[in-house]
Amino acid sequence: MSVGYKDDQNDWVTVCLKYLLFVFNFLFWMGGAAVLGVGVWTLVAKSDYLSLLASSTFAVSAYTLILAGSLVVVTGFLGCCAVIREQRSCLSTYFICLLFIFLIELVAGVLAYVYYQRLSEELKQHLNHTMTENYAQPGKEAVTFAVDNLQQDFKCCGSNNSHDWTVSKYLVSGQAEGRAVPDSCCKTITPHCGKRDHPSNIYKVEGGCITKLEKFLADHLLVIGAVGIGVACLQICGMVFTCCLYRRIKMDPY
């Protein structure tokens, strides 16, 4: 009787572990969808601003999340199959996939955190140079488009203030045709509206673009880091459940 009771107990524990893994897989899918969504949102929302950054760390973090989220979809199906079939080989493969995705998401989270720490310094060092040296220059159409969108979206003019434009290649070379600032500095854009740099016409007192872009990117980096590390921690539970179920199946005589 004691042997039969022990077998029943083993079966009960195995069944509980299977249900726990099913629940985890559901949460895993939801987490994967969140990871994928955040990665896509980060790149699509303001992807044109990436050309204004000196490093590619921000984009790499987003692409890493997209890769991890895509792998979650496939791995979730593998996890369900591993639980249903109760095969140690499937569980081993599932565990390895979880570990791999865990490392990817952890890397994305760490990259986002590291870049967050040096974001302000990078923008201060490079944004003004990028705007004044590359705006409206041949072959720099992406930068020009990004700067115009930046100034309109965040209602700013120049990296620190509108005075930054006075030393830009755009104005010094005469391409500006008498403009004091690019037309994208204007509150209401009309042809050659940048000739009049009065606060009633341009974003002169609203602050520079560095502060506003820094806040925008910092908010995105915090979300990337939180989602990446949060889902990675969730996967630790999944790996623990997988190891426990693997041991229970190994103990079974069949």
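The values are calculated or read from the model by the stated rules, or taken from the named source; none is laboratory data. Because the structure is a prediction, the values reported are computed rather than measured. Methodologically, a virtual Cβ is constructed for each residue, glycine included, from the backbone with ideal geometry; neighbour enumeration extends over all protein chains shown. The area values use the complete protein model at the heavy-atom level, side chains included, leaving out ligands, DNA and RNA. Shrake-Rupley method; radii C 1.70, N 1.55, O 1.52, S 1.80 Å.
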Would you check if there is a residue in the stretch 68-85 being assigned by the TED database to the domain that holds Cys244, modelled with pLDDT of 85 or more, over 14 Å from the mean Cα position of the chain (by Cα) and part of a helix (DSSP H, G or I)? no
Any idea how many residues of the stretch 154-188 are of a type outside the set (Phe, Trp, Tyr), open to solvent by 10 Å² or more (accessible area, probe 1.4 Å) and closer than 21 Å to Phe216 by Cβ? 6
Which condition breaks for Pro191 when tested against (1) part of a helix (DSSP H, G or I); (2) farther than 26 Å from Ser120 by Cα? (1)
What is the one condition in (1) out of contact with any Phe, Trp or Tyr (no Cβ under 9 Å at 6 or more places or on another chain); (2) at pLDDT 90 or above; (3) not aromatic (Phe, Trp, Tyr) that Asn149 does not satisfy? (1)
Checked Glu133, Glu122 against criteria (in a helix (DSSP H, G or I) and open to solvent by less than 20 Å² (accessible area, probe 1.4 Å)); the one match is Glu122
Out of Asp164, Asp219, I need the residue that is at pLDDT 90 or above, in a helix (DSSP H, G or I) and of a type in the set (Asp, Glu). Which one? Asp164
Quick check: anything in the stretch 42-63 in contact (Cβ under 8 Å) with a residue 12 or more places away in the chain, surrounded by fewer than 20 Cβ atoms within 10 Å (Cβ to Cβ) and more than 30 Å from Ala136 (Cα to Cα)? no
